Amino acid sequence: MSHELPFIAAINEAIMLEMERDETVLYFGQNMATTENEPYVDAFGRDRVRVTPISETAEIGMGIGAALAGFRPVVELYMAEFMLVAMDQVVNEGNRFRAMTGGQVKVPLVLKAGYGFTAGWAGQHTGTINALFMGVPGLKVVVPSTAADAKGLMATAIRDDNPVVYLHNYLLTLEHGEVPDGEYLVPFGEAAIRRDGGDVTIVGTGWTVDGALGAAELLAAEGIEAEVIDPRTLNPLDMPTILESVAKTGRLVLVDQATRHASAATVIAGEVAEHGFSSLRAPIVQVTALDATVPYSQPLEAWVMPSDEKVAAAVRQVVGTAAATA
Amino acid sequence: MAAPVGKELDRDRLVWMYHQMLRIREFEERVKRTFVEHPGVMRGHTHLADGAEASIVGSMATLGPDDQFFATYRCHGYPIARGTDVNAMMAEIYGRKDGLCKGIGGSMHLTDVSNGFLGTSGIVAAGIPHAAGAAWAAQIRKKGQVVLCFFGDGASKQGVFAETLNIASLWKLPIVFVMENNGYNVHTRTDQEDANRANGEDLSVKARAYSMPGVTIDGRDPVEVYETVGAAVARARAGDGPTLVESQMYRLSAHGNIIAPPGVPLHFPEHEAVEKFGNPEEYEAALKGDPVPAFRGRLVADGTLTAEEADALIAAVRDEMQAAVTFGLESPFPEVESALAYTYA
């Protein structure tokens, strides 16, 4: 059984269910839980649900400490950029403790942050900094693209014994989708094939999965069948599914909301070039954001971002056809 | 080896304190000598706490068996006072298989969860919020646990010091912040980087900004440390919130061994007062205040210990730490594949 929910409500449903299931799950952050009638406060009380000052380094650091001491904190960070003021805690503290202690401790921590808010939020609140985290030993990185995955990946993140950076795309916040009822877990490291096709493989993450699917519809009208893959987690990264698809299609287009050299796409391209080279019948093409600080003005913002049409054009390039309506 | 039961400062506790101070000093002397006696065994950066023994032992003596603590990269002393196996500690510092952290952490990252030592960060001030997070966990559990958070004077210039003390006071967390002020941040003198110090104030005045008690003590006197930190621990345990204790001392070794590329023998240089500031008088004066012989003198003078008993303790500690060195040197290196074993839980 399932029910329809907006993406953001699906995340909340997972946190609620996990907090009901496990009293060691904590949820805290800025500008939440400020009144007694908020649902989390009402359900779980002030010990486990707290508002913090604007102190990201302390918030994340305290999450690490509470995790070391046996709890499962979820830190509400709102925007991925807010982690930048606390980057030592994100990439050089909690993720290192298990190794540095020779396996004595575990750090079950979820850092929940929105990203990619390219809807007029201008230079400092629109970033797609996902790839900053994906190669960091000890961290896991989750990038849901559907409401169902938003729920299932959050539940898995909370139960995971490692620090997890949970990145939800702000452009998807109100996208509705069918969400399974009750306990629902989506495993890490298992890509979803969002659309089957034999002519080209398109890989997108988060919001760009929608772009890939939109492009696939444009291309289908031209007789090109694209396979669309959503890795769902960047670390662990399901390379076998991507390589298997490329082995079938011989062509790969990667879509990423980040700028090119800071994108997950570039990492995937490198893996395919190394491990799938013999399958490729055309060069890999990456459709990423242009190397610019995201502009405020709408036409400029749209121009630097990937789009359905840019993805479709890249696919036409790798399959060697001209646009049908050029 | 465990601290005597009870909290009164009776003979057992005073002798235990002196014994732990000796053990810390001798352990670190052996670490320091390893650079010379066994070149190549020590790698990277190592930081000694000589001069801080009284503060470490006086603080650790206040903890109950279920209490927890966090420290910095200058972390050898606390677990010794807590009863951690010194053989495993030395093996860790030598990067060996039988190391406390299986040779992956090294000197800067000693951790002993089984004894309540939950972690160390090598990044200045980064461990302060970790300790506060554990204190939040203790507050939720309601079993009366307290967390000690050790850091240096330099850490109080990091933003997360301010962030964490604010939250700890706001939430009345069961934590005591023990700032060990050894006068130097690497080779920057405290008065060169701290506005309070530069204006003639103690660093404990910082506590006023967070509406918590702040107190400055002579960290070379283990009894004063024990009484002050003990009162702060009792306050935290009672649910009345945190305290900032500035424990003043003098670091008797340089900040750390020299930072040198492979091929250059590592060693400890002269203390910064001598090496950088051309002020050997300051360093000589500090040596005269060395807390370890000072505490011996006091215990012998007031009849708590005889000189013979004190000498016997020293001899026993030398044997113990020689055994730790031997154990460390004889322990094999870990299998290389173990480098990947603990990346993820």
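Where a number appears in this text, it was derived from the coordinates with a stated rule and is not lab data. Here the structure is a predicted model, which is why all the values come from computation and not from measurement. Ideal geometry is used to build each Cβ from the backbone, glycine not excepted, and the neighbour counts take in all protein chains shown.
Computed quantities for the displayed model
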quantity	calculated
Ascending count of other beta-carbon atoms within 10 Å, so fewest first, for A:M62, A:M32, B:M42	A:M32, B:M42, A:M62
Rg and Dmax of the protein assembly as shown, Cα atoms only, in Å	28.4, 101
Taking chain A and dividing mean pair separation by its residue count, relative contact order in percent (alpha carbons under 8 Å, at least six apart)	16 percent
DSSP beta bridges in the protein assembly as shown [antiparallel fraction, %, rounded to 5]	20 percent
Segment A:V304-A:E38, extension gain: residue separation times 0.36 nm, minus the distance between their alpha carbons	91.9 nm
Cα-based helix-to-principal-axis angle, A:207-220 vs chain A, degrees rounded to 10	20 degrees
Rounded FRET efficiency, nearest 0.05, which uses the C-beta distance separating B:L170 from A:S2 and R0 of 60 Å	0.90
Over chain B, relative contact order from alpha-carbon pairs under 8 Å, at least 6 apart, %	22 percent
Förster radius 51 Å - calculated FRET efficiency between B:D319 and B:A260 (Cβ-Cβ, nearest 0.05)	0.95
Using θ = phi - 60° and Karplus 6.51 cos²θ - 1.76 cosθ + 1.60, couplings along the stretch A:92-104 (whole Hz; Gly, Pro as x)	9, 10, x, 5, 9, 5, 4, 5, 5, 9, x, x, 6
Of A:K106/B:K172; A:K112/B:K157; B:K142/B:K206; B:K97/B:K143; B:K172/B:K288, those spanning more than 31 Å from alpha-carbon to alpha-carbon	B:K97/B:K143; B:K172/B:K288
Fewest-first sequence of B:W136, B:W171 by Cβ atoms within 10 Å of each Cβ	B:W171, B:W136
Size of electric dipole in chain B: Cβ of Lys, Arg +1 and of Asp, Glu -1, about Cα centre, debye, nearest 20	1000 debye
Cα extents of chain A along the three principal axes, largest first (Å)	61, 43, 43
Rg and Dmax [Cα atoms of the stretch B:113-238; Å; Rg one decimal, Dmax integer]	14.4, 43
Approximate spin-label separation A:Y78-A:E190, in nm, with each point projected 7 Å along Cα-to-Cβ	3.6 nm
Choice from B:G328, B:G64, B:G303 showing the highest fluctuation, given a GNM over chain B with Cα pairs closer than 10 Å	B:G303
Anisotropy class of chain B from Cα gyration tensor, a/c 1.5 cut	rounded
Anisotropy class of the stretch B:97-173 from Cα gyration tensor, a/c 1.5 cut	oblate
Over the stretch B:1-117 - Rg/Rh using Cα atoms and the Kirkwood inverse-distance radius	0.97
Distance (nanometres) between label positions extended 7 Å along Cα→Cβ at A:D161 and B:A209	4.0 nm
The stretch B:209-219 - phi-based ³J(HN,Hα) in whole Hz, Karplus 6.51/-1.76/1.60, Gly and Pro as x	5, 10, 6, 10, x, x, 9, 10, 9, 7, x
Simple spin-label estimate for B:E8 and A:E271 in nanometres, 7 Å along Cα-Cβ	6.6 nm
Translational diffusion coefficient (Stokes-Einstein; Kirkwood radius from C-alpha pairs) of the stretch B:172-245 at 20 °C, 1.002 mPa s, in µm²/s	164 µm²/s
Spherically averaged projected area in nm², based on the convex hull that wraps the Cα atoms of the stretch B:202-334	13.9 nm²
Net length gained if the chain between A:R281 and A:M16 were fully extended (0.36 nm per residue, minus Cα distance)	90.6 nm
For the stretch A:220-259 versus the stretch A:56-94, the gap between their alpha-carbon centres in whole angstrom	32 Å
Value in Å of the Kirkwood radius, where the stretch A:2-180 supplies the Cα pairs that are averaged	16.3 Å
Residue-averaged beta-carbon neighbours from other chains (10 angstrom radius) around B:97-108	3
Angle in degrees between helix A:147-159 and the longest Cα principal axis of chain A, rounded to the nearest 10	50 degrees
The stretch A:175-326: projected area of the alpha-carbon convex hull, averaged over directions, in nm²	10.2 nm²
Sorted by Cβ neighbour density within 10 Å, fewest at the top, the residues B:I80, A:I64	B:I80, A:I64
Most mobile listed residue (A:G189, A:G127, A:G276) in chain A, GNM with C-alpha springs under 10 Å	A:G276
Amide proton proximity set for A:T52, modelled H, under 5 Å, gap of 5+	A:G29, A:Q30, A:N31, A:M32
FRET efficiency, B:L329 to B:A231 (Cβ-Cβ, R0 45 Å, nearest 0.05)	0.55
